[in-house]
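Following: one structure in structure tokens, then a few remarks.
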Amino acid sequence: MSDPRRLAAMLAAFLITGCAAIAPAPEVEQGAKAPDTVTMPALPSGPPPLSEAQVIAAVDMENSLFFDSGVTEIDAAGKAKLRAHAERLKDDPKLRVKLIGYTDEQGSRSYNLAIAEKRVLAAYEVLRSYGVRAGQLQRHNMGGEKGRKSCRSVECRKLMRRVELVYLD
């Protein structure tokens, strides 16, 4: 059995020798900047969040149908708007439109996706009943996925509960 002092001395010698094998830091001229060590790239910050006024201003009022909270049926004003869109689509069979469903962020992610899909389907069915060909319509639901966390007012949240008709080229 070895002496604990001798074992400690051997360990210290090993550590000192091991550290000496590491290359010393390069000399830096006086006044020169020392080389950076590991530099991590900056994380993309993305665009700054929109203000509530910007969110409201970005809503296409002409091409949107609006819904009360929890409602998926299209009201009379929405049907009148869809009738005008249907006439435009029937007049130009090459036109295509994407129906995009949005919600406010009051419910869970799964609830918002489901209700957005139901609203899009309702708009799709009304357009089809007005004679629009299925090939001219695309459906897409966003739910609350657009990051509308800027909406704090009742007015703003109401504008987020919509189906927007976006004409495609």
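The values are calculated or read from the model by the stated rules, or taken from the named source; none is laboratory data. Every value quoted in this text rests on a predicted model; they were computed, and no experiment measured them. A quick note on method: Cβ atoms are made from the backbone with ideal geometry, for glycine too, and the neighbour counts reach across all protein chains shown.
Of all residues in the stretch 45-82, how many are surrounded by fewer than 14 Cβ atoms within 10 Å (Cβ to Cβ) and more than 17 Å from the chain's Cα centre (by Cα)?
Just the residues of the stretch 45-82 that are surrounded by fewer than 14 Cβ atoms within 10 Å (Cβ to Cβ), to begin with: 45-49, 51, 53-54, 57-58, 60-62, 68-70, 73, 75-77, 80.
Narrowing the set further to residues that are more than 17 Å from the chain's Cα centre (by Cα) leaves 53, 57, 60-62, 68-70, 73, 75-77, 80.
Of the residues in that region, 13 qualify.
Tell me, which helices (runs of 4 or more DSSP H) wholly within the stretch 1-115 include 2 or more residues that are modelled with pLDDT of 95 or more and within 30 Å of G131 (Cα to Cα)?
By residue number, 76-91.
Taking V166 as the residue in question, decide whether it is touching a Leu at 6+ places or on another chain (Cβ under 6 Å) and either of a type in the set (V, I, T) or in a helix (DSSP H, G or I) (or both).
No: the conditions fail for V166.
For the structure I just gave you, tell me whether R119 is of a type outside the set (V, I, T), closer than 24 Å to V55 by Cβ and in contact with a strand residue (DSSP E or B) (Cβ under 6 Å, 6 or more places away or on another chain).
Values: of a type outside the set (V, I, T): yes; closer than 24 Å to V55 by Cβ: yes; in contact with a strand residue (DSSP E or B) (Cβ under 6 Å, 6 or more places away or on another chain): yes.
In short, yes.
List the pairs whose first member sits in the stretch 92-110 and is at positive phi, whose second member is at pLDDT 95 or above and of a type in the set (G, A, S), and whose Cβ atoms are under 8 Å apart, counting only residues at least 6 apart or on separate chains?
none
All but one of (1) surrounded by fewer than 21 Cβ atoms within 10 Å (Cβ to Cβ); (2) closer than 26 Å to A84 by Cα; (3) free of Cβ contacts under 8 Å to residues at least 60 places away in the same chain hold for N141; state the number of the condition that does not hold.
The single condition N141 does not satisfy is (1).
Could you grab the pairs with beta carbons closer than 9 Å, sequence gap of 6+ or different chains, first residue in the stretch 152-163 and among the small types (G, A, S), second one part of a helix (DSSP H, G or I)?
S153/E52; S153/I56
Kindly list the number of the only condition in (1) part of a helix (DSSP H, G or I); (2) more than 17 Å from K158 (Cα to Cα); (3) modelled with pLDDT of 95 or more that fails for Q138.
Among (1) part of a helix (DSSP H, G or I); (2) more than 17 Å from K158 (Cα to Cα); (3) modelled with pLDDT of 95 or more, the lone unmet condition for Q138 is (1).
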